[in-house]
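In what follows, a single structure is set out as structure tokens and then discussed.
The values are calculated or read from the model by the stated rules, or taken from the named source; none is laboratory data. Because the structure is a prediction, the values reported are computed rather than measured. Cβ: placed from backbone, ideal geometry, glycine included. Neighbour counts: every protein chain shown.
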Amino acid sequence: MKKLSREDVTGISKQIADAFYDYKYNEEDLGMKLPIAVVGTNSWGSAAYGKVLRGESVDTETIRKCYERAKEKGLMIFDLAQDYGLGKAQKMIGEFGCGDVVISSKFTPVGAYKEGQVRKSLEKDLQDFKRSYVDIYWLHLPSDIEKNLNEIITLVKEGKIKHVGISNFTLDECRRSKRIEVC
């Protein structure tokens, strides 16, 4: 396999950007202020998981203080997923109170597509967050793209998702996603 040069990588990145983002967005388009950083929560909530990821675990009260401090400093987007902290991170942020922050969560398809799987996953997220919507919801893997994104679009129309993202997609998969019509 050929090793990519810096120019190759830059060219590929530009192709992805050109293919998927035809316009420059601003905060008014998104309806939210964009921060300079996002707080990841992958190791929140599980002593064993935290120890494996960071070499030590952090107790809930310390994480709560960090959460409050992050908010004080304007770090208002928290990135979550059902498996973060072995399932505890989302529950923690719901307990801390997350009505005044931007919640980014993910649907990670596993196995063959089953109708209703996105809704079921999102409903669990909302229950954990103690909220009626999530600000950003990602299709985290390009499995059954059209079916999963159509379910997500339905949830957007219902007001349960404000913004949609995709991750871990190739350029062609990004293009396929962009062609899906919002009915």
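Just a few scattered comments:
- Any hit, the stretch 114-121, residues being within 23 Å of V38 (Cα to Cα), in contact (Cβ under 8 Å) with a residue 24 or more places away in the chain and basic (K, R): no
- Just so you know, in the stretch 119-136 the residues that are of a type in the set (D, E, K, R) and modelled with pLDDT of 95 or more include one that is surrounded by the fewest Cβ atoms within 10 Å (Cβ to Cβ), and it is K120.
- Qualifying residue in the stretch 111-118 (condition: surrounded by fewer than 20 Cβ atoms within 10 Å (Cβ to Cβ) and not in a loop (DSSP other than H, G, I, E, B)): yes
- Within the option set G94, G85, being modelled with pLDDT under 90 and farther than 22 Å from K157 by Cα holds for one residue only, G85.
- Among the residues of the stretch 63-80, those identified as aliphatic (A, V, I, L, M) and either at pLDDT below 90 or part of a helix (DSSP H, G or I) (or both) are I63, A70, L75, M76, I77.
- Residue within the stretch 152-165 that is in a loop (DSSP other than H, G, I, E, B) and crowded, with 19+ Cβ neighbours inside 10 Å present: yes
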